Structures are given as structure tokens and as C-alpha cells.
Amino acid sequence: MSDEVGFVSMASGKAEGEAPRIGVGMLGYAFMGKAHTNALKKLPYMIYPPAAVPRLVAICGRDQGAVSAAAQRYGYEKYYTDWHQLIEDPDVQLFDNGGANDIHAEPCIAAARAGKHVLCEKPLGRDAEESKAMLDAVTKAGVKHMVAFNYRFVPAVRQVRNLIESGALGRIYHWRAVYLQEWIADPDFPMVWRLDKTRAGSGALGDLGAHIIDLARYLVGEPARIAAMTKTFIKERPDGKGGRAEVTVDDAFAAVVEFENGALGTLESTRFAPGRKNHNVFEINAENGSLRFNLERLNELEVMWRDGRRETQGFTQVLITERHHPYWEHWWPHGHIIGWEHTFVHEFDHLLRAIVNDAPIAPYGATFEDGYRCAVICDAVLESAASGRAVEIKY
């Protein structure tokens, strides 16, 4: 199989350029494996011409029947039940880790040492120490590394970043963010790996809170100190074997944060909010106005300006689907909305362009440095909750 793909001009019938193929090895075939694969397959014909064409080399999982079925369904050339074999495969150039939190560190470190570029789902590690080991490995290896904080790649979120960078908002005073879900509010919901500290590291904090912590750093800046509380509402769950298992992670957390630039913020995440499906909402109040974003309405941004140029009495709902808005040159006419799954297309395009052009992942993509810093803040939340005191953020 050729390692390059030619693109043909419809007008001339001649190849206009060639895009290299990058072999992808995927660990995990469930939720994130499905989301990532969908993006990899969609990317070459929507982000056109692509910087690179993903080649679906292999997918890996522990259940042979399930992973072989996933390989056939998704179109991977082969499958493995041992991640060591996946990383040893010479055709794999990019290792995509969508496994559970307890198999983030060892495979990613091994992939980096083998010279593979690495994408890892969030949270990077189960704690800051594990995340730092992962950061050290990719740094030493000199490979490209990204943490899959895909909400950075929502067009409206990138538009917020652009407005902040332009100076339009002026000084930022407040950040408040919530990430609310409902999926374990039923006390009879069974024990799963996300409720086990040894496997997950933390609960709602690492699962949901990591996203809004990353967005806070991405949009506002570095936190200086944080004061937090955590809560486990249901302390035991059915273990699936007729018994009960102890829940060893947080069900919810709430925190107040002070940023280095003087802004004040709040962060809250829970999986006990009946009626909230995937309610990731943030608001920024600043010198020249305010912005509000809701992931469940991800094509929209609520905007209020008070700088005299655009006088409004309250928030205006703006549809972020114009051709000049971030990423929209790849999609549809304005008003023809896109969805959650498209954030992964933007994310992979950013990563593949960085690999092909030896370009930086940061500041718009999240590197393992960002993943490590997020883990430090998550650890500080747990420390503050345990001690009852505010904790200084130190990287």
C-alpha cells in the first residue's frame, strides 16, 4: 500500500499534491474508540485537502470477540488483545489511547519510547505524579503529544479564545463553570470502573471537572489557589454479583478559584443532577462585556457588550456558523449546524497538521503539559476538600 495519496483537481484532472498516510493504532473500542474513529474516517474528505490521511492500522482491546467485531465494524486492518503488540506494530505511527484511566500511563509511556506520536484521552493520568511521568516520557522522546480536551475545538469556544486574544473583552473579572450530568443519580446504578479510585483516580472531578478546569486555563489563565469541597452521595453500589461494592471516588465537587491575573472563578461538577444530560456551561464577565456558552447548544454563544460600540441591554444569542467563524470553512452554509462529534475532527486535524509540519500543538491544542497542569489542579481540589483549607497551585 502506498504511503501517500494524490489529490486530483476536478478542473485539470491532475494531482495537485500528496498527503502522507499516518498509521493509527487505537487502544479502546467503546465510547471514545467510536468517537475517535468516526473523526478519523470523516477527516480526509471534509478537511480537504487533508494534511494527512489517517490509516486505520489496528485497534486493541482485552475482549477478543468484541475487539475483532470493532475492527470489522470500524474498518481497522487488524486487531490486538495486548497493547504491547499494538505499540510494537511498525505500521503504527500515532498511538491513540482511549482506554480507561488506569491504562493511560503505561501504554502512552511505552509508545513515546517507541517513537510514536501520542494522543491520550483525558484525564491524562490518575493524579499529578502519574501525569508528570507521562509528560517526561513524551518530552524526552521528542514526539508530538496531545490530550483529548476536545471542547477546545468547538467553534464557539475557539471564538471566545479569539475574542480574548484580540483584547475585545478587556480585563477578565469572573469565570464560572459547571459540568452537570445525571447518569449515576439512581442509587441502584451498578458499580463501574469510573467509581473505583484505583482505576479512575477521581470521580466527577476527573471525568467532568477536568474539562472545565482545562477550559478555565485555556480561556482565563493559570489558577493561583483553590478552595474546594467534594461529596460522595452513594457510598455503595451493586457489584453485579449479588453483593455491594464501595464507591471510592467523589460524586460531586465545588470549588472557588483565584487566577494569577486576579480573576475570580467557580467550578462545579456532578453526576447527580437529574435532568442534566451533558450540561457543560461557562460564563465570562469582563471589562467590556460578558460571554456565555452551553455545550448542549454548542453552535450558539450568548454575548453582551458594554463598551459603547455595540450597546445592548442584555445578552444576544449569536449563531457561530458563519464562514469566518473558526473551523466553518470545512462544513456547511451558515445555520446548518454541526455537532459534538465534529469537535474530534477539528482535534485530529490539528494533531495531524502538527505531525506533518512539525508544528506546535500548543496553545490551541492541549499538550501533555496541559494535562499535567490539569492533574495538579485536580489534586489540589482533593487536598483542599480533605484539609478544609485553600491550596496554592504549584506546578
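The values are calculated or read from the model by the stated rules, or taken from the named source; none is laboratory data. Predicted, not measured: the structure shown is a model, and the values here were computed from it. Every residue, glycine among them, receives a Cβ derived from its backbone with ideal geometry; neighbour counts consider all protein chains shown.
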Notebook entry, point to check: Pairs under 7 Å by beta carbon, first residue within 13 Å of Asp370 (Cα to Cα) and modelled with pLDDT under 95 in the stretch 137-150, partner hydrophobic (A, V, I, L, M, F, W, C) and buried (at least 24 other Cβ atoms within 10 Å of the Cβ), six or more apart or different chains?
Noted result: none
Check: Right, Glu300: touching a strand residue (DSSP E or B) at 6+ places or on another chain (Cβ under 9 Å) and either in contact (Cβ under 8 Å) with a residue 12 or more places away in the chain or not assigned by TED's automatic domain parsing to the domain that holds Asn162 (or both) or not?
Finding: yes
Next item on the list: Filter the stretch 245-270 for residues that are part of a strand (DSSP E or B) and either among the hydroxyl-bearing types (Ser, Thr, Tyr) or in contact with a Cys (Cβ under 7 Å, 6 or more places away or on another chain) (or both) and give the result.
Entry: Thr266, Ser269, Thr270
Margin query: Being more than 22 Å from the chain's Cα centre (by Cα) and surrounded by fewer than 21 Cβ atoms within 10 Å (Cβ to Cβ) is the filter here; which residues of the stretch 260-285 pass it?
Written below: Glu260, Asn261, Gly262, Leu264, Pro274, Gly275, Asn285
Next item on the list: Scan the stretch 11-22 and give yes if some residue there is closer than 17 Å to Leu352 by Cα and either crowded, with 21+ Cβ neighbours inside 10 Å or modelled with pLDDT under 50 (or both), otherwise no.
Entry: yes
Notebook entry, point to check: Of the residues Thr270, Thr266, which single one is touching a strand residue (DSSP E or B) at 6+ places or on another chain (Cβ under 6 Å) and either under 18 Å from Lys122 (Cα atoms) or among the small types (Gly, Ala, Ser) (or both)?
Noted result: Thr270
Check: Among the listed residues Ala366, Ala375, Ala354, Ala362, which satisfies the condition of being free of Cβ contacts under 8 Å to residues at least 40 places away in the same chain and not assigned by TED's automatic domain parsing to the domain that holds Arg55?
Finding: Ala362
Checklist line | Long-range neighbours under 7 Å by Cβ, at least six apart or interchain, first residue on the phi > 0 side of the Ramachandran plot within the stretch 194-220, second among the charged types (D, E, K, R) | finding: Gly201/Arg126; Gly201/Asp127
